[in-house]
Amino acid sequence: MAHLDRTRASQLMQAAGIDALLLLSPESFTHATGAPAGVATMWRRAGAVAAIVPANPALNDAAVVTDLFEAAFRASSAIADIRINPIWVETGDIRGMEARPPEELIKAAWEKQGRAPGLQRPETFDASMGFQLASELLAGRHLANGRIGIEFDGLSVTDFKLLSAALPLAEFIDASDLVRRLKMIKSPAEIAHLRTAVELAEAGIVALRETIAVGISRDELANAWEKGARTEAALRNVQNLTGVWEYISVGENPWTKGGIIAHGDLIKVDVGCLMSGYTSDTGRTFVCGTPSTLQASLFAALQTAYDAGLPLLKPGIAMSEVHRVTTEAMGKAGFPGYTRGHFGHGLGAGLGSEEWPFLSRQSDVIIEPGMVLAFETPWYVDGAGGMIIENQLLITADGHEIMNRLPSGLISL
């Protein structure tokens, strides 16, 4: 299922004076087409696949697809106008064909596939070929000499030169920000992925919480969390759990990957599950026993800041305003020198657990309905430990919904 909002895309392109988007990254390709980009994108080089989205809503979308993933594309995407880019993997399809000698059978299968005579497969894929196929699709829409939006922040200099050779009359416009703004509003299916992901992660946190005791290692906690999340997925027959990640720390050093729980230790839990590539993000803090005066004081300041910023997470509020209010609350709580680059971020199917936009001082983004954000107030103090409050929120028409259900205060166990 494609998640791209065609109406919003057209509006953003028209406002930017862009005639079409040429999406080359695997994440943007899948977002626009609803289909897997395929193994040829593993090197993060452009040219294996492409999605074309014209600004004119009367013009249909199109795509360049690798031959190995053609069947998967046709099964999962509504885009019918595609061009096939051969990659290194040899293939054949003899289903439904009558029995004959092997050489004749394979030859007939290749002919049925429309294989060009004398095909020589590339080492991996031919980026020039991919760009040429994209050029043909644009030309078929009279856009080959238009203003074409490209995600410059994901395109190498080498690939840009190849792309320019394939589209010598086009004017390339940096559409990196436009594409980010397009993706920051989630479709109902994306929201459902993120909701399930956070529910699985919280099931893991429950399992981790029940494991906390003096003498338990950090790695045992991590294993308990992952087992809890995966067990919940199995109980719910979740089929598309595509990954998990964790940043769990124990004790006075919040950066260590080791550690054995002792009485009075903080346990910082920052975890996420991925559903079809969409990652959740949740942060909780536990203490084994009773928190020290220092630990309690630091966490209370984080809670004050979180409580100050949370009501501002609603449509029409600037992300920079959330950052300002949250930072000022830390100062009023007794820590005017506390500084953090952002207090949260978007969530989606990006490369890491944090996706643009960020709740930062520099942000020019105004919060809109349909965003899914992680709002967090963390602190990492060597000698005291790591601590975090982090929830996942859906921005609604008149406010927000916290997708998490577990309490977020400092929990003594």
Checklist line | Subset of the range 382-405 that is surrounded by 15 or more Cβ atoms within 10 Å (Cβ to Cβ) and over 20 Å from the mean Cα position of the chain (by Cα) - its residue that is farthest from Phe299 (Cα to Cα) | finding: His400
Item checked: Filtered residues of the range 131-159 (kept if under 29 Å from Ala58 (Cβ atoms), in a helix (DSSP H, G or I) and touching a residue at least 40 places away in the same chain (Cβ under 8 Å)) -> Phe131, Leu133, Ala134, Glu136, Leu137, Leu138, Gly154
Next item on the list: May I ask you to list the residues in the range 19-34 that are out of contact with any Leu (no Cβ under 7 Å at 6 or more places or on another chain) and in contact (Cβ under 8 Å) with a residue 40 or more places away in the chain?
Entry: Leu21, Leu22, Leu23, Ser25, Glu27, Ser28, Thr30, Thr33, Gly34
Note to self: For the range 159-214, give me each residue that is under 21 Å from Ser135 (Cβ atoms), among the acidic types (Asp, Glu) and touching a Lys or Arg at 6+ places or on another chain (Cβ under 8 Å).
What the structure shows: Asp159, Glu171
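Go through the range 259-277 and report how many residues are assigned to a loop (DSSP other than H, G, I, E, B) and within 28 Å of the chain's Cα centre (by Cα).
2
Listed here are the residues, each with its yes/no results for (1) in contact with a Ser or Thr (Cβ under 6 Å, 6 or more places away or on another chain); (2) acidic (Asp, Glu); (3) assigned to a helix (DSSP H, G or I).
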position	(1), (2), (3)
Ile191	no, no, yes
Arg195	no, no, yes
Leu208	no, no, yes
Ala224	yes, no, yes
Lys227	no, no, yes
Asn253	no, no, no
Checklist line | Output for the range 256-269, where each listed residue is under 16 Å from Leu410 (Cα atoms) and either surrounded by 21 or more Cβ atoms within 10 Å (Cβ to Cβ) or out of contact with any Ser or Thr (no Cβ under 9 Å at 6 or more places or on another chain) (or both) | finding: Asp265, Leu266, Ile267, Lys268, Val269
Check: For the range 193-246, which residues satisfy the criterion of being among the acidic types (Asp, Glu) and surrounded by fewer than 17 Cβ atoms within 10 Å (Cβ to Cβ)?
Finding: Glu210, Asp219
Checklist line | Whichever residue in the range 336-377 is among the charged types (D, E, K, R) and open to solvent by less than 40 Å² (accessible area, probe 1.4 Å) and, among such residues, is nearest to Thr304 (Cα to Cα) | finding: Glu376
Next item on the list: Scan (1) in a strand (DSSP E or B); (2) farther than 30 Å from Ala192 by Cβ; (3) among the aromatic types (Phe, Trp, Tyr) for the single condition Phe286 breaks and write down its number.
Entry: (2)
Next item on the list: Any chance you could count how many residues in the range 86-130 are part of a helix (DSSP H, G or I) and more than 21 Å from Arg44 (Cβ to Cβ)?
Entry: 12
Check: Taking only pairs six or more apart or across chains, which ones have beta-carbon atoms under 6 Å, a first residue in the range 35-58 that is polar (S, T, N, Q), and a second residue that is buried (at least 24 other Cβ atoms within 10 Å of the Cβ)?
Finding: Thr41/Ala48
Note to self: Of the residues Thr30, Thr7, Thr41, only one is under 22 Å from Asp159 (Cβ atoms), of a type in the set (Ser, Thr, Tyr), open to solvent by 50 Å² or more (accessible area, probe 1.4 Å) and at pLDDT 95 or above; which?
What the structure shows: Thr30
Next item on the list: Scan the range 289-309 for residues that are open to solvent by 30 Å² or more (accessible area, probe 1.4 Å) and either part of a helix (DSSP H, G or I) or of a type in the set (Gly, Ala, Ser) (or both) and jot them down.
Entry: Ser292, Thr293, Leu294, Ala296, Ser297, Ala300, Gln303, Thr304, Asp307, Ala308
Notebook entry, point to check: In the range 330-381, how many residues are assigned to a strand (DSSP E or B), farther than 20 Å from Gly409 by Cβ and not acidic (Asp, Glu)?
Noted result: 11
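The values are calculated or read from the model by the stated rules, or taken from the named source; none is laboratory data. Since the model is a prediction, treat every value here as computed from it, not as a measurement. Cβ atoms come from the backbone with ideal geometry, glycine included; neighbour counts cover every protein chain shown. Side chains included, ligands, DNA and RNA excluded: accessible areas come from the protein's heavy atoms. Shrake-Rupley method; radii C 1.70, N 1.55, O 1.52, S 1.80 Å.
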